[in-house]
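The numbers here are math on the coordinates, done by the rules we state, and not lab data. Model, not experiment: these values are computed from the prediction. Note: ideal-geometry Cβ built from the backbone for every residue, glycine included; neighbour counts use all protein chains shown.
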């Protein structure tokens, strides 16, 4: 029900102690001739108070800070009023007071809502979400539960207690207690933000606590293999089959840009003739469900042909006999040691190498590389162009030294 009249006003409440120089500032909220009074928990001296305007007088920094606070409090009351409208509750003075004090019949708890979100997500795995995405949200849930226990000593807290301080402490907890990097911390806070925004949209909290919170990631220069390092791995003879096998699968990713899980799941029927009559891969990224279409380079085709009669591939219909990600990365470290490559070789470096050394460095346009990587936006691909610029810079520095010595 809408109100016919609404008003609010700040005033100084006379202290019971006659010796008190400062008085508490209260707000009086009136709706349809019915009013309530709430303390702002701030004090001020009567000599610097304009009782007609309900504001501090003067132009000092303290005056400006107080008046800014009162403006903010007034906005908070308007948000409480909007909340009542959105939830179709009567706009009354007592209801406004209850919203401002967090007194509600249906208390919403952070972990309960997070768990409910994850249960819904689990039911949509394979339809709207990848299983890996669900697992990351479950990890974020466990971190949130541990943090709440660490900070509050409780199994859960109300969603209305979310504020900037909560987020700042959560960020600190990730970096100190969990020893996470800045970017990992940001990643988990972004997962948590999704839950918070759902609560804002449903009117369960008045203001998004993330509004003034910085969630910018720090730019990371991704590790890639140079052409010389790639050729070194490609030409190396391995007498141990498992290393030869892992090297081939790694090189296949270097020449296709497919991530580990997409190589592991790649089926033979997904390699078909493309628009030009050549062999193409038609698949979609498991991580984002983005469609990926890319022509196979001769070196990638050689690897496909090498394993066409492999027993495991014949039985499963897979293109390559891919081991677990953990084993692949362990064997890649062996390969790096044998080849004298000092970089921490992991399977994901293959995808970065395809984007830079194999394609961008050889003049393939950024838009084309973005499509082949299955990126949803060009922005995701642009950081690879910066790596190529870095390589150009390094090459030019080397050239300067040569010219100086000649």
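Things to note:
- Global form of region 53-130, assessed from the alpha-carbon gyration tensor, a/c cut-off 1.5: prolate
- Selected from 138, 85, 396 as most flexible by GNM, with the chain as the system and alpha-carbon contacts under 10 Å: 396
- Normalised contact order of the chain, rounded percent, pairs of Cα under 8 Å and 6 or more residues apart: 11 percent
- Taking a ≥ b ≥ c as the square roots of the eigenvalues of the alpha-carbon gyration tensor, the chain is classed prolate because a/c is 1.5 or more and a/b outweighs b/c.
- Over region 6-101, relative contact order from alpha-carbon pairs under 8 Å, at least 6 apart, %: 23 percent
- The packing ranking of peptides 247-260, 222-235, highest mean first, is 247-260, 222-235, where packing means the average number of other beta carbon atoms within 10 angstrom of each residue.
- Cα pair distances exceeding 14 angstrom across region 110-201, given as percent: 66 percent
- Plainly put, region 2-60 has a radius of gyration that is 1.05 times its Kirkwood radius, both from alpha-carbon atoms, as the Rg/Rh ratio.
- In the chain, helices alone account for a calculated mean residue ellipticity at 222 nm of -16000 deg cm²/dmol, with every DSSP H run of four or more residues adding -39,500 (n - 2.57).
- Computed packing ranks the peptides 131-137, 22-28 as 22-28, 131-137, most packed first, by mean other Cβ atoms within 10 Å.
- Degrees between helix 325-339 axis and first principal axis of the chain (Cα, 0 to 90, nearest 10): 50 degrees
- Distance between region 344-389 and region 110-158 - C-alpha centres, whole angstrom: 32 Å
- Between 0 and 90°, nearest 10: helix 110-123 axis offset from the chain longest Cα axis: 40 degrees
- As a rough guide to protection, the peptides 291-302, 89-100 ranked by mean Cβ packing within 10 Å, highest first, stand as 89-100, 291-302.
- Shape call, region 227-403: gyration tensor on alpha carbons, a/c limit 1.5: oblate
- Pairs of Cα atoms nearer than 8 Å and 6+ residues apart set the relative contact order; for region 264-406 it is 18 percent.
- Antiparallel bridges, percent of DSSP beta bridges restricted to the chain (to nearest 5): 95 percent
- Going from the fewest other Cβ atoms within 10 Å to the most, the residues 150, 280 appear in the order 150, 280.
- Bins of 5 Å, starting at 0 and running to the largest distance - Cα pair percent for region 6-101: 3, 13, 23, 22, 16, 12, 7, 3, 1, 0
- Rounded to the nearest 10 degrees, the angle from helix 241-254 to the longest Cα principal axis of the chain is 60 degrees.
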